[in-house]
Amino acid sequence: MIKEVLQTDQINTDADSSIKGIGLQKIRAAERLLRALLENKRAVFCTIEHVDDVLEVDVEQETTNYTAEQNKSYSTDFSMNSHEVKNSLRIFFDNWYGTVEASESIRFVFYTNTNIKKENKVGVLKDIEESLPEEPLLQLLCDKKYKEAFPFVLPIFKKYYLEQHKKHIANEEDIELYEKILDSMTEEKWEKFFDLIEWNFGKPNEIEVRENVEKSVGEICLKYGVNQKYASIVVAQMLDMIESRKFEGDFLCRIVHVGEIKSLFLEFAQEAKIQEKLDP
C-alpha cells in the first residue's frame, strides 16, 4: 500500500471546500465503480476523502494502480494562479514524493466542470521578466509543453508549497526538509511528476455525472435482468454506501468494492425472480 510518508492530512484542507465537493466526490466514485463493473473488473475499490477526494485502487494486474482524484465543482474558471489548482498540485506532490513502492503505481486526476482562463501577471509572476506565453499555463500543462510552462509554473508552485507547509509545522526550521525536497527535483523529475496528472477541464458537473451514473445503472440492470424500477434505489444505496463509510477509521472498512456493487444488482434480480414465482 501507499507508504505513510507525506500524506495530505499533514495540511488540513478547508472544511467548506470539503462540504462543497462531497456531492461530486460521491457521484464520481460511483461512476468509477460502475465503469469497473461494466468492464468486468473484479478487483477495483473506491473510497472518498482518504488520501484524496476520490481514491480508486485497481489490483487486477501484478502492479497495484492508484488513482487519486481532486474534484472541483465551481462556477468560475481556473488559472495557474487559482488557489484550488495550486493546492491540488500540493496534495498531488505530497502524495507522490517517496510514497509509492516499486510494485505500485499512482496517477492523479484534476476534475472540474469549469474551464481554463489565462493568468494575470500577479504574485510571483511579477518578478519574472519574461512575458507570459500566449496560451494559458494550464493549457500548456495539459498539452505537456513543459519547456514553455515550467519557467512560470514551477516558481508559482514552489512559493505556494513552502508557504503552506510553513503554516502547518511546529518548528520553522523544519521547513528545510521541504526546501531540500524541492531542490532535489530536476527538470526530468518535474516532467515525470506532471506526466502523472490528468487534467480534466470542462467536464460534466454533478448533475450531469449523476445522469451518466443513472444511464450506466440502467445498462447494468439490463445485463443482470433487473427491473428498471429498481434503478433509482440502486443509485441511492450506492451513494449511501460510499458516503457512510468515509467516517470509518480503518481503511478496509472505508472502501466500497466493485463486487459489492455487483451484489446489489444480483439481489434485486433475485427479488424479481421471487416476485415472478409468487405472482406470475
Pairs, first under 17 Å from residue 213 (Cβ atoms) and at pLDDT 95 or above in the stretch 237-259, second part of a loop (DSSP other than H, G, I, E, B) and open to solvent by 60 Å² or more (accessible area, probe 1.4 Å), C-beta under 8 Å, six or more apart: 258/41; 258/42
Selected residue (only one of 174, 195, 183 is loosely packed, with under 14 Cβ neighbours inside 10 Å, more than 27 Å from residue 76 (Cβ to Cβ), within 23 Å of the chain's Cα centre (by Cα) and of a type in the set (Asp, Glu)): 195
Residue within the stretch 92-105 that is of a type in the set (Ser, Thr, Tyr), open to solvent by 40 Å² or more (accessible area, probe 1.4 Å) and within 17 Å of residue 195 (Cα to Cα) present: yes
Count of the stretch 209-252 residues which are within 17 Å of residue 30 (Cα to Cα) and in contact with a helix residue (DSSP H, G or I) (Cβ under 8 Å, 6 or more places away or on another chain): 25
Only one of 205, 212, 200 that is touching a Pro at 6+ places or on another chain (Cβ under 9 Å) and either of a type outside the set (A, V, I, L, M, F, W, C) or modelled with pLDDT under 95 (or both): 212
Unmet criterion (only one of (1) open to solvent by 10 Å² or more (accessible area, probe 1.4 Å); (2) without any contact (Cβ under 8 Å) to a residue 60 or more places away in the chain; (3) touching a helix residue (DSSP H, G or I) at 6+ places or on another chain (Cβ under 7 Å)) for residue 40: (3)
Residue count for the stretch 203-254, restricted to those that are among the aromatic types (Phe, Trp, Tyr), within 22 Å of the chain's Cα centre (by Cα) and either under 23 Å from residue 266 (Cβ atoms) or assigned to a helix (DSSP H, G or I) (or both): 1
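Okay, residues lined up against (1) of a type outside the set (Lys, Arg); (2) in a helix (DSSP H, G or I); (3) at pLDDT 95 or above:
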{"residue": "1", "(1), (2), (3)": "yes, no, no"}
{"residue": "13", "(1), (2), (3)": "yes, no, no"}
{"residue": "19", "(1), (2), (3)": "yes, yes, no"}
{"residue": "31", "(1), (2), (3)": "yes, yes, yes"}
{"residue": "34", "(1), (2), (3)": "yes, yes, yes"}
Conditions (1) within 22 Å of the chain's Cα centre (by Cα); (2) more than 19 Å from residue 90 (Cβ to Cβ): number failed by residue 161: (2)
Residue match in the stretch 74-81 (condition: open to solvent by less than 20 Å² (accessible area, probe 1.4 Å), at pLDDT 90 or above and assigned to a strand (DSSP E or B)): yes
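The values are calculated or read from the model by the stated rules, or taken from the named source; none is laboratory data. On a predicted model such as this, the values are computed, not experimentally measured, just so you know. Cβ atoms come from the backbone with ideal geometry, glycine included; neighbour counts cover every protein chain shown. Side chains included, ligands, DNA and RNA excluded: accessible areas come from the protein's heavy atoms. Shrake-Rupley method; radii C 1.70, N 1.55, O 1.52, S 1.80 Å.
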